[in-house]
Amino acid sequence: MTTTIPTPYEDLLGHVLENGEHVADRTGTGTSKVFGAQLRYDLREGFPLLTTKKVYTRGVFAEVLWFLDGDTKVKTLQDQNVNIWNEWERPDGTIGRGYSAQWRSFPKPDGGSVDQITQLVDGIKASPFSRRHLVTAWNPGEIEDMALPPCHALFQFNVGPDEDGDPAWLDCQLYQRSADLFLGVPFNIASYAALTEMVAAQTGLAARHFVWTGGDCHIYDNHREQVTEQLSREPRPYPTLVLEDAPSIFDYELTDLHVVGYDPHPAIKAAVSV
Ligand SMILES: Nc1nc(=O)c2c([nH]1)NC[C@@H]1CN(c3ccc(C(=O)N[C@@H](CCC(=O)O)C(=O)O)cc3)CN21
Ligand SMILES: O=c1ccn([C@H]2C[C@H](O)[C@@H](COP(=O)(O)O)O2)c(=O)[nH]1
């Protein structure tokens, strides 16, 4: 490919397709995997929504706002015609103590809970250069109470200074322990890039780098044809994310997030392994 458009995701996809180690996996599908990989996107150069296939953006945004809301009810997504969590719905209608629950009400030993998102935003404002801006969805004490142990398990924010040493830039790094490269990761990248933009807007900073770090990075055996098709496509310029103003990180609605200039190749269907 002769292009100046950065394609870290597509490069990793090609690498795992060619060099992945073939293994059986929990779902019974089988995967090719590489353990340990990192992708970097400069959010100043555009919003990292893949152009080599159309990403289901409305689903991505609905999901991240659902996490921010502390909501674990699958029906909330279904009411917006977003069906990506249907397979993991429990008899009580929720995904259990998954992402949203840990982000907004991580249990404390004394019976109370921690709102990690409020703590994050307040922490960035109060002590921008701190090295402690972390949120964890990985709660060993509640894993058995989740429909699926968190894949995007831990994230950290970093603030960079301007020439005067004042807080100016916001970076985010995600650790994803398990990464379905074809179906999940395009979602996860867009989701955390959007989260970074929202946190930046709420803290008066400008979003800069998004770093994605993956543990078990795999391509399911039944996605190989789709991956080959995707990799044959020429990447196009990334779109831009425009946010409406919101009074707090918890007040964004679907209609407040606008993707401008998205001109992707067509979507590619694939089965999700449960
Ligand atoms: N194997 C697996 N991969 C995942 O990515 C995944 C899970 N399981 N379990 C929990 C969530 C659910 N997520 C999902 C589930 C389905 C799609 C999916 O089918 N996406 C389609 C579009 C779906 C639509 O248009 O309704 C896609 O083309 O991206 C994506 C993410 C991400 N997570
Ligand atoms: O946001 C998500 C959620 C899930 N995944 C993928 C990664 C794996 O393919 C499965 C989870 O299976 P485990 O056996 O629990 O690892 O879901 C994703 O990529 N992104």
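The values are calculated or read from the model by the stated rules, or taken from the named source; none is laboratory data. Predicted model, so just to flag it, every value in this text is computed and none were measured. Cβ sites come from the backbone with ideal geometry, for glycine too, and all protein chains shown count toward neighbours. Calculation scope for accessible area: heavy atoms of the full protein, side chains included, ligands and nucleic acids excluded. Shrake-Rupley method; radii C 1.70, N 1.55, O 1.52, S 1.80 Å.
Points worth noting:
- Residue check, Thr7 buried (at least 21 other Cβ atoms within 10 Å of the Cβ), more than 16 Å from the chain's Cα centre (by Cα), more than 18 Å from Asp180 (Cβ to Cβ) and of a type outside the set (D, E, K, R): no
- Residues that are within 12 Å of ligand 2 (Cβ to nearest atom) and in contact with a Pro (Cβ under 7 Å, 6 or more places away or on another chain) within the stretch 139-172 comprise just one, Ile143.
- Subset tally (residues that are of a type in the set (Lys, Arg) and touching a residue at least 60 places away in the same chain (Cβ under 8 Å)) for the stretch 124-134: 1
- Taken together, Gly96, Gly46 contain a single residue that is touching a residue at least 40 places away in the same chain (Cβ under 8 Å), out of contact with any Leu (no Cβ under 6 Å at 6 or more places or on another chain) and within 15 Å of ligand 1 (Cβ to nearest atom), which is Gly96.
- The set of residues from the stretch 166-196 being in a strand (DSSP E or B), aliphatic (A, V, I, L, M) and open to solvent by 10 Å² or more (accessible area, probe 1.4 Å) comprises just one member, Ala168.
- So Thr228, is it at pLDDT 95 or above, surrounded by fewer than 18 Cβ atoms within 10 Å (Cβ to Cβ), part of a helix (DSSP H, G or I) and hydroxyl-bearing (Ser, Thr, Tyr): yes
- Residue match in the stretch 119-129 (condition: within 16 Å of ligand 1 (Cβ to nearest atom) and either of a type outside the set (Gly, Ala, Ser) or farther than 22 Å from Leu68 by Cβ (or both)): no
- Note on the stretch 197-225: among residues that are closer than 17 Å to Pro48 by Cα and assigned to a helix (DSSP H, G or I), the one that is most open to solvent (accessible area, probe 1.4 Å) is Glu197.
- When Val121, Val82 are checked against the criterion of being in contact (Cβ under 8 Å) with a residue 12 or more places away in the chain and closer than 30 Å to Pro235 by Cα, a single residue qualifies: Val82.
- Residue among Gly93, Gly28, Gly59, Gly14 that is out of contact with any helix residue (DSSP H, G or I) (no Cβ under 9 Å at 6 or more places or on another chain) and not aliphatic (A, V, I, L, M): Gly28
- Residue in the stretch 107-130 that is open to solvent by less than 20 Å² (accessible area, probe 1.4 Å), touching a Cys at 6+ places or on another chain (Cβ under 9 Å), among the β-branched types (Val, Ile, Thr) and farther than 24 Å from His258 by Cα present: no
- Selection count where residues are over 16 Å from Ser105 (Cβ atoms), in contact with a strand residue (DSSP E or B) (Cβ under 8 Å, 6 or more places away or on another chain) and open to solvent by 40 Å² or more (accessible area, probe 1.4 Å), scope the stretch 132-147: 1
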